[in-house]
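The values are calculated or read from the model by the stated rules, or taken from the named source; none is laboratory data. Here the structure is a predicted model, which means the values were calculated and not measured. Heads up, the Cβs are rebuilt from the backbone with ideal geometry, glycines too, and the neighbour counts pull from every protein chain shown.
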Amino acid sequence: MIKRIAVELGRHAPFTVLGAASGIIVMAIVVFANVASGISEAVFYTLHPVHVVLSAVVTTAMYKRYGEGKLWASILIGYTGAIGIATLSDAVIPYLGGALLHIPMQFHAPFVETTEMPFIGIAKWQIVNFAAALGIAIGYLRPTTKFPHAGHVLLSTWASLFNFTAFGVANWIPLIPFIFLFLFLAVWLPCCLSDIVYPLFFLRTDKH
């Protein structure tokens, strides 16, 4: 298992670097365009559920493809892998990064928040948990992994970025090297663990 994790992390590091670089470019645009924090918040709450969908698709599909494909296990693994890791990636790591950089940050865990989504008036927890259910259904019925995983990495990067600009207040430009590091870490470890290592951890064989 440790060797598997090391191999997958090594394979995904270059793509994650590109994803983090794209996030920095987006951050520079947000800062120089003086985009309001309310817009960043709306973008975050749009990207996060889509991230959850793709994460649930890949996690469920990996277990369905290489495991016994039991429905109850696929649902449990798909849900915990998507919600748990997406929250860690999009919410927890940016919050901790802000704390380490002494940036005033608000902590948000969308899958339990009862406030309404911007513009659509539906509770955030309902949207996020529906996104997980949708991803699980897709991953179980059509177990494909390559494109959803690539999309998962990019969306996770951008969701983490907009968490910084939506819920933190800082002079961002001097902090860009540190933000790049946190964006990389927020995607590299969680996404590989969620999409690959986590579902395969439950297999009884090593036939993958």
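In table form, for the structure just shown:
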| quantity | calculated |
| --- | --- |
| Filtered residue count, the stretch 33-47, keeping only those that are crowded, with 17+ Cβ neighbours inside 10 Å and in contact with a helix residue (DSSP H, G or I) (Cβ under 7 Å, 6 or more places away or on another chain) | 6 |
| Scan of the stretch 28-55 for residues that are within 17 Å of PRO177 (Cβ to Cβ) and either at pLDDT below 90 or small (Gly, Ala, Ser) (or both), ordered by number | ALA28 |
| The stretch 9-29: number of residues that are of a type in the set (A, V, I, L, M, F, W, C) and buried (at least 21 other Cβ atoms within 10 Å of the Cβ) | 2 |
| Complete set of residues in the stretch 101-138 that are crowded, with 17+ Cβ neighbours inside 10 Å, in contact with a Pro (Cβ under 9 Å, 6 or more places away or on another chain) and more than 29 Å from PHE178 (Cα to Cα) | MET117, LYS124, ILE127, ALA131, ALA132, GLY135, ILE138 |
| Any hit, the stretch 54-76, residues being crowded, with 16+ Cβ neighbours inside 10 Å and in contact with a strand residue (DSSP E or B) (Cβ under 9 Å, 6 or more places away or on another chain) | no |
| Single condition TRP72 does not satisfy, out of (1) without any contact (Cβ under 8 Å) to a residue 40 or more places away in the chain; (2) closer than 28 Å to LEU18 by Cα | (2) |
